[in-house]
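What follows is a short report on a single structure.
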Amino acid sequence: MGADARIPVAIVGATGYVGAELLRWLIPHPGVRVVFTSSDQHQGKSLADVYPFLRGVIDATLVPHDAVAAAAAAEVVFLAVPHGTAVPLAEAALAAGRRVIDASADFRLKDPAVYARWYGTHAAPHLLPESVYGIPELYRDAIRSARLIAGPGCYPTGALLGLVPLARAGLVTDSVVIDAKSGTTGAGRSAKVEQLFAEVTENFRPYAIDAHRHAPEIEQELRAAGGKVTPVFVPHLLPVSRGILSTIYVSGKAAEADLGAIFEKAWGAEPFISLRGEGPPPELRDVRGTNRCAIGWRQSRAAGQAIIVTAIDNLAKGTSSQAVQCMNLVLGLPETTGLEAPALAP
């Protein structure tokens, strides 16, 4: 495909971890070209000034956040900005007739009251009914025609891909515990004491127990799939840069079910889901730098539990490459275009 034929895309918020990861996937993508990159913090600088690894790869100057300018330049606008700031940018890009893929939490929750509890009053609740939750394996057909795609949280992506098949089979009726561990990039690129190397290395800690903003998102989508319970969700911080490993305990009938058949029916044909069954369980290095989710399971009939293990890269399948997967659907491109890279191993 020639350069002139590639579809122009914009990244509003190109210098955070999500924006940088979007660049990693979009720059070599054969179907699109990045024509607009913005950063309020680094406006006027070149991308290479902020990220030297991009020197010689892309020649772009960072401009202030401006959805109108982004929409004038591009067909698809990616929003990689914090929650609360995405709403007016999305409104402006939508008004200009562009497709919007938002990586923030601003359009994930369908109930404005639930959003208000976790993030504050929503500035555009009228847009919530039309936003489509951006996990292609769950909402592929709706994503294709969506104007506004709400990129899911990284923790929910790993948890839901492990739980939704069981919920659809009527097996999520008792208790569910999601014990999830994430690398430090999940907290973003801003400076925080608790994210310093000396605070993280040789350490491992839980945080936001029963108080994490991704919990209502998991519950919303699990109930939409037929789940009948509110999961217990406990995130932990790993001393690694990227990746999420979720160990999920499902009590009740799931301990006796044919999980292999259930997962094969749900995900067997999915290009970005690797089913491990009862073989070696997933590890972070299996998916590092990829758009893949690896899923394994065990059953303890004595304890009455099914144990599901999922692994994703929080910056890739958990955010940026999944957004590109959604973009491929929106643009009518083969869904796997530009996303088939193997894991970064070792």
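Here, each number is a calculation from the coordinates, and none is a lab measurement. Source: prediction; values computed, not measured. Here the Cβ is made from the backbone with ideal geometry for all residues, glycine too, and neighbour counts use every protein chain on show.
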T121, T173, T310, T230 arranged by Cβ crowding within 10 Å, fewest neighbours leading: T121, T230, T173, T310
Within the range 298-334, DSSP-loop trypsin sites (Lys or Arg not before Pro) with at most 14 other C-beta atoms within 10 Å are R301
Give me Rg over Rh for the range 154-312, both radii from the alpha carbons and Rh done the Kirkwood way, two decimal places. 0.97
In the chain, what is the volume of the convex hull around the alpha carbon atoms, normalised per residue and reported in Å³? 137
Using only Cα atoms, tell me the angle between helix 17-26 and the longest principal axis of the chain; keep it within 0 to 90° and round to the nearest 10. 80
Within the chain, pairs of Lys residues whose Cα atoms are less than 25 angstrom apart, provided they are eight or more positions apart or on distinct chains, add up to 11
Please order V330, V200 by the number of other Cβ within 10 Å, starting at the fewest. V200, V330
Exposed loop sites here are chymotrypsin sites (Phe, Trp or Tyr not before Pro) in DSSP loop states with at most 14 other C-beta atoms within 10 Å. What is the longest stretch of the chain lacking them? 1-203
Pairing the Cα long axis of helix 154-168 with the longest principal axis of the chain, what angle in degrees results, from 0 to 90 and rounded to the nearest 10? 50
Could you line up I27, I149 from fewest to most neighbouring Cβ atoms inside 10 Å? I27, I149
Relative contact order of the chain, pairs being alpha-carbon contacts under 8 Å that are 6 or more residues apart, as %: 17
Helix 136-145 versus the longest principal axis of the chain: what angle, 0 to 90°, nearest 10, using Cα atoms? 40
